[in-house]
Amino acid sequence: MLEIELKLKVDSLQPIAEKLRQLGAEFEGDFIQTDAYYDDSEDSLVNSDRCLRIRKHKNHLGEAIELTYKGARENHRFKSRREIGLKVEKAEELAQLFVELGYKERLAFEKKRSLWEFSDCKVALDELPLLGKFVEIEGPSDDAIELAQKELGLGSLKHIPESYAHLMEEAIAKNGIKKRKISFGSK
């Protein structure tokens with residue numbers, strides 16, 4: 001599957017949630033997600049703009065676990081890359097399998113996400129420690145995403161092409177943080 005998404009940095013998520021409600025968007029839920037990224041000792045995935053991730057989604061209904069591989073970026077207006085995702089039952093066993101295959105956890109972080117369905121797109125209102133608040137719009141085409149961006153009143157905001165993992169790596173380095181697991185409760 002081809003993932004096409006737009007990421008925007010915002011000061012507040014509340015007005016965007018209000019706008020989504022006004023426009024009749026369907027609220028899918030609030031989640032705490034923990035993303036753990038894996039790579040080999042040479043960082044060959046990161047160096048080739050690919051990633052291997054285990055994501056835990058938690059909400060009031062329980063937890064779901066997903067394994068995702070993302071390929072290198074493709075040439076589109078917005079960030080586009082091949083994505084393969086699988087639901088899995090056991091995150092710890094999967095992580096151990098990665099270790100046995102020569103991969104190690106290189107970065108893990110939490111994210112608060114409110115997910116909406118709007119105009120053929122998924123709209124995620126995200127908050128991350130160290131990074132702040134973002135809106136991600138994922139859709140079937142650049143045009144559909146751009147239309148949703150304009151309908152939400154976010155047309156003047158500049159697209160951020162970097163992944164959250166890349167932005168988190170920069171924030172960790174900038175702040176001199178030694179830890180590789182970043183959560184809302186960590187200092």
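Some points to look at:
- Top-ranked residue of the stretch 28-73 - restricted to ones that are modelled with pLDDT of 90 or more and among the basic types (K, R), ranked as surrounded by the fewest Cβ atoms within 10 Å (Cβ to Cβ): K58
- In summary, strands (runs of 3 or more DSSP E) completely within the stretch 52-124 and bearing 3 or more residues that are closer than 28 Å to I177 by Cα occur at 62-74, 104-118.
- Residue match in the stretch 142-165 (condition: of a type in the set (V, I, T) and more than 25 Å from A72 (Cβ to Cβ)): no
- Just so you know, in the stretch 86-131 the residues that are more than 18 Å from the chain's Cα centre (by Cα) and among the basic types (K, R) include one that is modelled with the lowest pLDDT, and it is K90.
- Residue match in the stretch 138-147 (condition: in contact with a helix residue (DSSP H, G or I) (Cβ under 8 Å, 6 or more places away or on another chain), modelled with pLDDT of 95 or more and of a type in the set (D, E, K, R)): yes
- Residue selected from the stretch 133-186 under the condition of a type in the set (V, I, T) and part of a strand (DSSP E or B), by the criterion surrounded by the most Cβ atoms within 10 Å (Cβ to Cβ): I137
- Within the stretch 40-66, residues that are touching a residue at least 60 places away in the same chain (Cβ under 8 Å) reach partners that are of a type in the set (K, R) with beta carbons closer than 6 Å, at six or more positions or on different chains, in the pairs C51/K70.
- So R106, is it over 25 Å from L2 (Cβ atoms) and either in contact with a Lys or Arg (Cβ under 9 Å, 6 or more places away or on another chain) or of a type in the set (K, R) (or both): yes
The values are calculated or read from the model by the stated rules, or taken from the named source; none is laboratory data. As the structure is a prediction and not an experimental result, all values here were calculated from the model. Every residue, glycine as well, gets a Cβ built from its backbone with ideal geometry; the counts of neighbours run over all protein chains shown.
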